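Accompanying notes for the structure given below.
The values are calculated or read from the model by the stated rules, or taken from the named source; none is laboratory data. Predicted model only: the values in this text are computed from it and were never measured. Don't worry about glycine lacking a Cβ; one is built from the backbone with ideal geometry, like all the others, and counts go over all protein chains shown. Accessible surface areas use protein heavy atoms only, side chains included; no ligands, DNA or RNA. Shrake-Rupley method; radii C 1.70, N 1.55, O 1.52, S 1.80 Å.
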Amino acid sequence: MSYLSIKTREKDLRKYVGTLEDAEKRSFLRTTSDLVVLDAKTLEEKHASCSRTRRFCRLIDPFVSFLRRHARAVDVIVQCDVSPSAIAWGCLRFLVEVFGSLNAYFRSLISMMEKLVNKLRFCQRYEEIYSDWKPFREALAEVYFDIITFLCKARRVFKSNGLKTFGKVLWTTFEGDFEEILDALSVHIEVLNEETKFAHRRLAHMDRRKDVMEWLAPVDTADDLMRRSKRRASETGEWMLQNDAYRDWRDFNDKEPALWIHGRPGSGKSMLCAKIVEDLQARASKGEGPAYFFFNKNEKTKTTLLSVVSSILSQLLGQMRMVPQSVLCAFESAANRGRTRMAMSDDPVKLLNEVVEHSPKTYVILDGLDECEEADSVLKEFLNLANFSGVRILCLSHDTTTIRKFLGKRPTIKLRTSLVRKDIDLYLRSEIEELASELGEKDLTELIFHRLAAGADGIFLWAYLMIQTLKDAPNREELELMTRRLPEGLGQIYDSILDDLRKQSEPTQVLASQLFLWVCCSTRPLSWPELRCALSFNEATNAFDQRRQPFKNAVLRVCSPLLEYDAEQDLFRPAHISVCEYLENKDRLSVPQGSSSGRSPHVIIAQTCLHYLALPAVADSIIVEPKRNPLSNYATLNWCHHLFQAPACDSLISSLQDFTSSASRRHIWTARWLLLQMAAWPLQRILKQQRAVQDWVKKNAPGGGLSPSFDVLEDIFGALLFLDNTSRSEETFGDVSSGLRIGHFERMMAVRDLARAYALAGRLKDAENWLESALREQQNKHGKNAPQTIWLLNSLGLILDQQSRFQLAVDTQSKALGIQKEKLPPNHMDTAWTISELGRIYRHLLKLGDAEWMHLQALRVLGSIFPEDDPQIVWNKNTLARTYRFQHRFEECLAIHEYAFATQQRSLGPEHAHTLWTLSDISRCQRDMGRLNDALESFLRVLDGRRMTLGAQHPDTLWSMNDVGLLLAMMGRNKEECGRRAFSKIGRTKMIATYSVSFPVLILNPRPSMIECHRLIFHTIPCL
């Protein structure tokens, strides 16, 4: 227990000590509340044993209790005959009451002491938890003071003689004697209880806020800002703060909410951005600080709409006292589906709009827009955001066609040489003076400043690189020589740096080549352990050799000034994006004539990653310790990216064939990829990636394909099974709990897409056999009705449905539902998927009443868990709407589909496959309502979207062409429909054998009845 002189007790100490005499102060100043309690209890025990009055009271207490119990009866008897006995009884009655009061006084005092001791223990525990909350500390100090005051008064009672105590009891009760203290204590305890409740809620809110921030997974923009601020010389950028266009934008004097600053590469845009952010931060009142983002095309996490929106959102939330309810609902929805990172399906743009709408003033600064992969989408969304009255948007970039299309007519500041020259001069003077001080050359500024200032020509980066180069000059003569033949522009200065590297020893040149290759071509900054591991790969032996791991000092010497090292985060990154563009052009990444010469950097990185993933420590388990295997995460997520960027070569094809020849290795890689991603619809992304690997091999190695066991579809099923088994174990995945697993809804949506893929490939029987085998294995291992069998039963039901074996599909899904009801809590969200799937199969059986009831049941379960626009609810509403269409309830059907389409456009994007399916549903509903022109327009939008997203020969695209052809025939536009249907027929010929009904039947009947259409749909794509 800490002394009362600590901060939380200073108040009660000062108040109480002021009431003590000098002798008492000296003995009390170093005491603690525990000692006060102990002292009071000791005195009470001593008083009870030594006080004759207390001993006498204890002896006669039974007699007093007896008399008090029967006193009323004696009172009646005495009143019948007034005699001297009445006087004697009255005196005795008086003594009984006095001694009874004395006993009651001490019992109450001791009882209150025990209560306060227990209360004090709880207070001390609360203090450990909530001591950082000032209102709680103040309330606790008041309670401490009241308790100590009470105990000290009790101490005086126990120290007083018996006659004085006896006299006090004659005049007052315990309640009257301690009334003031007890009243104050009661009030202060009530206040403390309320503050404790609030502190608990505050702590819970802080934990929730922390969880939300981790879910947003924002880019560390504060680190980006700090790095740019460090490189900026003091007093540079002041001219921008005086610029009229900037001040009008900042001070809301201009009605136009957006401002565009553009300039050449290296002209100091990022440094100006840092200055602007600092200016806005200095001026901002609480809750109105700027939100900013630095795009970087060398880091995949800094190039997308999702990354910038989530980062801006997290910065704005960090300035708010409470996290808005809409954000909390989105977080809970994602958490319920097992996603720990925000995804586009969480509709981050909508959340950002809701947060900004309730903010009085919001500044958003976006730097490097030209490095954004989705610049048009980013500009569109943020310029829409600027429609709110309190929003200001500032963009800094190169002048590109895409950006000019959005910002060309808005207020603009062009970074001309005349504007930035003063900043460059300030920077050069500052750096040259520092260099002169280090070298002991006082006249260095006058000697080289004017030459460098003239050579910079408005390029801040040129000045920076020249200063870094001059620092390596061995003597004054060489330094003067270097400034007399200055390179012109960034290209020549890069040439000069590489020429100097070519003069180094061959091992140094090889190290430089590999270093530039990895740092400039990686998808994100690499940490030192990752880079050291990558550089240890021996291409001659295809092995990692620890003896080849470079020394850090050697790497730091070689990398400057083209690469920069962040010591705080232990990361390596290019000094500027133009460094990467220069090195990647004309094969400059191969500095020496060594093993890497003439080979694409992506070939080398892809090979290195594939061989690393084949190492036993990485290939045998999903659970990989990053510290022991530093390159595992990067290789898992990025080898496909480098493969797709690489040209074909025998060594890469051989490495790929070796890696993909092992089914277990592929399954573990796929499962680890899914765990590391944990984003929206990751299974669709990995499926697309694996198919792209096969396409790459077909294109680049037609003579030597991959292993026959590399079955993309079965690999996904295998990875899902592997992941399900692993996620139920007690192990951990690095520093992430294995409880992070793919949600049931997300898993089954992927299985649904897999089922369609199997159907289009004519391999439904293969899928059925694999699932039945996996189901038997899980049943033998865990039991017939184990939870591990549920998703396999759901998947098997989907495959049976695809084969039009509807009744068997119903039986299979019903079995899964039975296990869910037995093993899961009531109304569990996973049961909703199975219920909805049963409804869809009932629709295929034309049991439309049963289908509607099932879909409504699923929506009832989901509605109690998720918000209305949650993807699961939207999906189930779509399936309900399809039932309504079959029931000819077209108005209800159309309203639901249109709502679902609007929601999916926001969350998934307009070109997503599921969004296009919903638009296709809208088209069919419009067609059945007789709104043929509207239906044609919608069908054409679906066709264009699928052609763009999936390709002209994709089965879904061809199906859309057939839809358009049929509709044109219904409208009597036969010449147009013949062309569309003929083209569709050619494309679909390869697929006719897959289904039990051939497409020519549909094509020969241009106006089929509704029943014929329904039968055709049931027999061709029952997954709808």
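Structural remarks
- Answer from E371, E357 - the residue that is buried (at least 16 other Cβ atoms within 10 Å of the Cβ) and either hydrophobic (A, V, I, L, M, F, W, C) or within 29 Å of N243 (Cα to Cα) (or both): E371
- The lone criterion from (1) among the small types (G, A, S); (2) in a helix (DSSP H, G or I); (3) open to solvent by 10 Å² or more (accessible area, probe 1.4 Å) left unmet by A540 is number (2).
- Selection status of I276, part of a helix (DSSP H, G or I), in contact with a Leu (Cβ under 8 Å, 6 or more places away or on another chain) and among the hydrophobic types (A, V, I, L, M, F, W, C): yes
- P550 vs. criteria in contact (Cβ under 8 Å) with a residue 60 or more places away in the chain and either open to solvent by less than 30 Å² (accessible area, probe 1.4 Å) or outside any helix (DSSP H, G or I) (or both): no
- Check on L435, outside the structural domain of H576 (by the TED database), part of a helix (DSSP H, G or I) and open to solvent by 20 Å² or more (accessible area, probe 1.4 Å): no
- Some residue of the range 234-254 being modelled with pLDDT under 90 and within 30 Å of H641 (Cα to Cα): no
- The range 501-516, residues that are open to solvent by 10 Å² or more (accessible area, probe 1.4 Å) and in a helix (DSSP H, G or I): L501, R502, E506, P507, T508, Q509, V510, L511, Q514
Conditions tested, residue by residue: (1) under 22 Å from L415 (Cβ atoms); (2) hydrophobic (A, V, I, L, M, F, W, C); (3) open to solvent by less than 30 Å² (accessible area, probe 1.4 Å).
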position: P257; (1), (2), (3): yes, no, yes
position: G263; (1), (2), (3): yes, no, yes
position: K286; (1), (2), (3): no, no, no
position: P290; (1), (2), (3): yes, no, yes
position: V309; (1), (2), (3): no, yes, yes
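- K821 being touching a Ser or Thr at 6+ places or on another chain (Cβ under 9 Å), open to solvent by 50 Å² or more (accessible area, probe 1.4 Å), part of a helix (DSSP H, G or I) and outside the structural domain of L674 (by the TED database): yes
- Within the option set M213, M226, being closer than 27 Å to A463 by Cα and out of contact with any Asp or Glu (no Cβ under 6 Å at 6 or more places or on another chain) holds for one residue only, M226.
- Pairs meeting the criteria (first residue in the range 610-622 and without any contact (Cβ under 8 Å) to a residue 24 or more places away in the chain, second residue assigned to a loop (DSSP other than H, G, I, E, B) and open to solvent by less than 10 Å² (accessible area, probe 1.4 Å), beta carbons under 7 Å, at least 6 apart or on different chains) are V618/V624.
- Elements of the type helices (runs of 4 or more DSSP H) sitting completely within the range 292-411 and holding at least 2 residues that are touching a Ser or Thr at 6+ places or on another chain (Cβ under 7 Å): these cover 305-318, 348-357, 375-385.
- Output for the range 309-323, where each listed residue is touching a Leu at 6+ places or on another chain (Cβ under 7 Å) and farther than 13 Å from G289 by Cα: V309, S310, V323
Yes or no, residue by residue, for (1) at pLDDT 80 or above; (2) in contact with a Ser or Thr (Cβ under 6 Å, 6 or more places away or on another chain); (3) assigned to a helix (DSSP H, G or I); (4) not polar (S, T, N, Q):
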| position | (1), (2), (3), (4) |
| --- | --- |
| D921 | yes, no, yes, yes |
| G945 | yes, no, yes, yes |
| L966 | yes, no, yes, yes |
| R980 | no, no, yes, yes |
| V997 | no, no, no, yes |
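- L428 vs. criteria free of Cβ contacts under 8 Å to residues at least 40 places away in the same chain, buried (at least 21 other Cβ atoms within 10 Å of the Cβ) and closer than 30 Å to R451 by Cα: yes
- Just one of the listed residues (R860, R924) is farther than 27 Å from K688 by Cα and surrounded by fewer than 17 Cβ atoms within 10 Å (Cβ to Cβ), namely R860.
Residues checked against (1) touching a Leu at 6+ places or on another chain (Cβ under 8 Å); (2) at pLDDT 85 or above; (3) open to solvent by 70 Å² or more (accessible area, probe 1.4 Å):
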| site | (1), (2), (3) |
| --- | --- |
| I467 | yes, yes, no |
| D472 | no, no, yes |
| S522 | no, yes, no |
| L526 | yes, yes, no |
| L531 | yes, yes, no |
| F544 | yes, yes, no |
| N585 | no, no, yes |
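- Of all the numbered requirements in (1) part of a helix (DSSP H, G or I); (2) modelled with pLDDT of 75 or more; (3) acidic (D, E), D207 misses one, and that requirement is (2).
- Looking across the range 553-583 at every residue that is in contact with a Ser or Thr (Cβ under 8 Å, 6 or more places away or on another chain) and in a helix (DSSP H, G or I), the one that is surrounded by the fewest Cβ atoms within 10 Å (Cβ to Cβ) is identified as A554.
- Per this entry, L498 is counted among residues that are surrounded by 14 or more Cβ atoms within 10 Å (Cβ to Cβ), out of contact with any helix residue (DSSP H, G or I) (no Cβ under 8 Å at 6 or more places or on another chain), in contact (Cβ under 8 Å) with a residue 12 or more places away in the chain and within 21 Å of Y582 (Cβ to Cβ).
- Only one of the listed residues (Q325, Q315) is out of contact with any strand residue (DSSP E or B) (no Cβ under 7 Å at 6 or more places or on another chain) and of a type in the set (S, T, N, Q). That residue is Q325.
Every residue, every condition in (1) within 17 Å of H641 (Cβ to Cβ); (2) modelled with pLDDT of 75 or more; (3) touching a strand residue (DSSP E or B) at 6+ places or on another chain (Cβ under 6 Å); (4) open to solvent by less than 20 Å² (accessible area, probe 1.4 Å), yes or no:
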position: M678; (1), (2), (3), (4): no, no, no, yes
position: P682; (1), (2), (3), (4): yes, no, no, yes
position: I686; (1), (2), (3), (4): yes, yes, no, yes
position: Q694; (1), (2), (3), (4): yes, yes, no, no
position: K698; (1), (2), (3), (4): no, yes, no, no
position: S707; (1), (2), (3), (4): no, no, no, no
position: E714; (1), (2), (3), (4): no, yes, no, no
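- L880 vs. criteria in contact with a Pro (Cβ under 9 Å, 6 or more places away or on another chain) and either open to solvent by 10 Å² or more (accessible area, probe 1.4 Å) or under 22 Å from I922 (Cβ atoms) (or both): no
- Any hit, the range 729-738, residues being under 23 Å from I790 (Cα atoms), among the aliphatic types (A, V, I, L, M) and modelled with pLDDT under 80: no
- Filter result for H897 (touching a Cys at 6+ places or on another chain (Cβ under 7 Å) and either of a type outside the set (K, R) or open to solvent by less than 40 Å² (accessible area, probe 1.4 Å) (or both)): yes
- Filter result for E746 (under 21 Å from K823 (Cβ atoms), part of a helix (DSSP H, G or I) and modelled with pLDDT under 90): yes
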